[in-house]
Amino acid sequence: MRILWLRKARMTDMTSNISPQTTALSQAGAGMPVTPVRSDAGLDRATPRHPLTFALTLTGLAGFLDAAAYVRFDHLYVSFMSGNSTHLGMTLADGAVPDMLVILGVVGAFVAGAAAGTRIADHASSGLAPRVLALEVALMVMALGASLASWSLICLMSVALTMGLQNVLHQAVGGVDVGKGFVTGMLFRLGQSLARVPEGRATLAGALMSLLNWLAFIAGAATGALVVRRLGFTPCLGAAVALIAVMLLMARAADRKRSGSASPVQT
């Protein structure tokens, strides 16, 4: 009996050490409804009041800046690194060393942004969205200044760094993997969900989420292409700064409201 009790205790300890994030990722991979990830305080560290709208807006922004950069920087992307990787392979075949260095710089900036965002997320017990969005505003203001000064390379790297950083918010919003600028992943999840719905292993709501995610990216890209062709790249950066700043204010307001509701009531 003692041996059985010890085994049960060990299994309890093992399951208690499984993080909510791991559980959510496992559920998503199995096509199951995903339980929102909560912090130790019982509050989502990054979720604004309307997480789906928040995530889809970020996805649209990624598409917007991708299209604008594609037009401005000779078919380079700031969010879609698969496209840049294909471009890198083509320049490698052509032996175009200067182009290779620029593409490698963009990819490196994106990876650095992802690393910085992950570092912040791993050590932020609360207020993740406001912190990341504040850093995004600073980087985009730097990109805007570089564009006005015609420092094209600094501008491009700053925007790519911002897009890499932004992906940490996609992972954290509502504990659901919604809003990333990975188009192939969106469409794969859509097909995966549609295949599993008849078996009850996925829901139509999940498939709709992936579809909305993709449509938000397409809408953002279409808007970015129209704006950059009519007004130029610098106004696109100005619009992005304004949008992120508004989202930052909303995230801070939501964070303050959450903090206030979590405070103990004094009598």
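Quick rundown of the values:
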read-out	value
Residue-count net charge about A195 - beta-carbon cut-off 13 Å; Lys, Arg +1, Asp, Glu -1	+2
³J(HN,Hα), Karplus 6.51/-1.76/1.60, whole Hz, each residue of segment 224-240, x for Gly, Pro	x, 5, 5, 5, 5, 6, 8, 10, x, 6, 4, x, 4, 5, x, 5, 5
Packing-based exposure ordering (other Cβ within 10 Å, fewest first) of H87, H75	H75, H87
Net charge over other residues, Cβ less than 14 angstrom from the Cβ of F233 (K, R count +1; D, E count -1)	+1
Integer Hz, Karplus 6.51/-1.76/1.60 couplings in order for segment 60-68, x for Gly and Pro	x, 5, 4, x, 4, 6, 4, 5, 4
Around L153: net Lys/Arg minus Asp/Glu count, Cβ-Cβ under 15 Å	-1
Volume per residue that the Cα convex hull of segment 58-254 spans, once the total is divided by residue count, Å³	122
Residue exposure sequence - R230, R196 - by fewest surrounding Cβ within 10 Å	R230, R196
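Bear in mind that the values in this text are calculations on the coordinates, not laboratory data. Every value quoted in this text rests on a predicted model; they were computed, and no experiment measured them. Every residue, glycine among them, receives a Cβ derived from its backbone with ideal geometry; neighbour counts consider all protein chains shown.
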